[in-house]
Amino acid sequence: MLALSSAAAILFIAGAVTMHAATKISHADFGKMPDGTIIQIFTLTNAHGVEARIMNYGGTVVSLKTPDRTGAKGDVVLGFDSLEGYLAPEPYFGALIGRYGNRIGHAKFTLNGKEYTLPKNDGENTLHGGLRGFDKRVWTPRELRDGGLELTYLSKDGEEGFPGNLSVTVVYHLTDANELKIDYSATTDKDTVVNLTNHSYFNLKGAGLGDNLGHLMMLNADTFTPVDAGLIPTGELRPVDGTPFDFRKPTPIGSRIEQNDEQLKLGKGYDHNWVLNRKGTGLSLAARVEEPTTGRVMEVSTTEPGIQFYTGNFLDGTLKGKGGKVYGLRAAFCLETQHYPDSPNKPSFPSTVLKPGQTYRTTTVYKFLVNGRAFKMNPPPKKK
Ligand code: GLA
């Protein structure tokens with residue numbers, strides 16, 4: 001009896017451990033920081049041959065290879081072949097963003113009656129955590145036994161003007177359901193504000209293989225947050241109905257992007273936060289994108305209340321990426337799951353305040369399919 005139940009217990013434990021067990025993780029050196037610190041790159045591979053490469057500088061997704069409808073693998077994120085590309089000025093390709101994703105208006109906010117002043121790195125405003133946000137930090141990596149990659153970073157009290165020592169953990173998993181899953185958590189020792197995201201630039205045709213305009217985009221949102229000339233939300237939640245911001249049905253990104261619309265002009269295209277339709281606090285579908293020529297589909301689910309849909313309006317062909325490919329205007333799109341921009345100055349928006357004793361926790365999943373079907377890579381060779 002005893003033997004039986006311990007065998008059952010072992011089976012149970014084995015079952016729990018195999019959840020991600022097919023994902024393999026390995027690492028290699030990727031380059032050296034100017035101070036000599038070695039940066040490592042981690043390769044996560046799932047049972048179907050999907051592969052994500054992530055480095056501990058910026059916690060950056062460097063490449064993400066998924067199959068098209070013929071089974072041919074392609075890299076669907078923009079980036080560089082070596083660390084040097086990421087050390088030069090570049091627009092946050094694949095990086096983790098913090099302490100505050102997107103903009104804080106006039107580079108200041110007030111918390112508990114105290115005003116905090118932040119660096120201005122985007123006109124009058126603070127963008128993506130300031131001059132040296134989490135995208136430009138070296139994270140401490142740890143390979144997990146389930147094939148996941150854990151990255152931790154301690155953002156010191158006062159760093160980039162933000163209060164409190166913030167201890168951040170981000171875990172990447174590549175599951176056998178072809179999902180890149182990102183779990184973010186953080187704790188603080190003083191009241192602060194937090195808004196973490198990932199800034200991958202996707203092109204489901206393949207990075208550097210043309211623009212994003214033909215992708216069919218669906219955003220699960222009835223309203224969005226219109227912005228002023230500095231791309232700071234005005235505070236209004238505007239219905240998308242009857243506007244070029246209505247992506248409730250799959251619509252090509254390019255079909256309305258050049259319309260004479262005040263908000264499109266301010267963003268130079270789409271560069272706005274959509275207010276997600278959601279129930280409860282769990283993972284909920286935020287976006288679905290399909291690239292008709294390759295059949296690649298990406299679904300984004302998140303626990304967050306908003307998503308920044310940015311169409312690469314500042315890409316201008318001056319950056320040469322992986323394989324020497326040039327990244328021109330609208331060569332990719334970003335879907336940054338987040339709280340709304342400038343929430344610290346907008347009491348009506350969901351709060352981004354984190355207090356000692358609380359744990360910030362959010363999850364975002366990018367799932368890859370082909371024309372809505374799950375795919376299997378590397379099928380066993382056919383018997384002759
Ligand atoms: C975000 C912003 C954009 C732009 C990119 C990075 O998506 O909303 O305006 O700054 O980051 O270039």
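Just so you know, all these numbers are worked out from the coordinates, no wet-lab data involved. In this text, all values refer to a predicted model and were calculated from it rather than measured experimentally. Here the Cβ positions follow ideal geometry from the backbone for every residue, glycine too, while neighbour counts run over all protein chains shown.
How big is the chain along each principal axis, measuring the range of its Cα positions in Å and listing the largest first?
Rounded to whole Å, the extents work out to 64, 48, 46 Å.
Show that you can apply the helix-only estimate: for the chain, add -39,500 (n - 2.57) for every DSSP H stretch of four or more residues, divide by all residues, and state [θ] at 222 nm to the nearest 500. Can you show the working numbers first?
Working: 3 runs with 27 residues, N = 384.
After summing the helix terms and dividing by residue count, I get -2000 deg cm²/dmol.
How far apart, in nm, are the 7 Å Cα→Cβ label points at Asn371 and Ala177?
2.3 nm
Separation between the Thr152 and Leu329 pseudo-spin-labels, each 7 Å from Cα along Cα→Cβ, expressed in nm?
4.7 nm
First measure r as the distance between the Cβ atoms of Arg69 and Lys320, then evaluate 1/(1 + (r/R0)^6) with R0 = 25 Å and state the FRET efficiency to the nearest 0.05.
It comes out at approximately 0.30.
Does region 182-312 come out rounded, prolate or oblate, given a ≥ b ≥ c as the square roots of the eigenvalues of its C-alpha gyration tensor, rounded meaning a/c under 1.5 and, failing that, prolate meaning a/b above b/c?
Working: a/c = 1.65, a/b = 1.24, b/c = 1.33.
Here region 182-312 falls in the oblate category.
Can you tell which of Met217, Met298, Met33 shows the greatest fluctuation in a Gaussian network model of the chain with Cα springs below 10 Å?
Met33
Over the chain, what is the mean sequence separation of C-alpha contacts under 8 Å (at least six apart), divided by residue count, expressed as relative contact order in percent? List each step's numbers first, then the result.
Numbers: 971 pairs, mean separation 66.7, N = 384.
Relative contact order comes out at 17 percent.
Rounded, prolate or oblate, given the Cα gyration tensor of region 59-165, with a/c below 1.5 counting as rounded?
In terms of gyration-tensor shape, prolate.
For region 25-89, what's the relative contact order in percent, using C-alpha pairs closer than 8 Å and at least 6 residues apart?
On the way: 109 pairs, mean separation 13.9, N = 65.
21 percent.
Add +1 for every Lys or Arg and -1 for every Asp or Glu among the other residues with Cβ under 12 Å from the Cβ of Asp246, and state the total. Don't skip to the answer; put the middle values down first.
On the way: positive: Arg238, Arg248, Lys249, Arg256; negative: Asp222, Asp241, Asp261.
Value of the local net charge: +1.
At a Förster distance of 35 Å, what's the computed FRET efficiency of Leu87 paired with Lys114, Cβ-Cβ distance as r, to 0.05?
0.50
Among Ile38, Ile182, Ile232, which one shows the biggest mean-square fluctuation in a GNM of the chain, springs joining Cα atoms closer than 10 Å?
Of Ile38, Ile182, Ile232, the Gaussian network model singles out Ile38 as fluctuating most.
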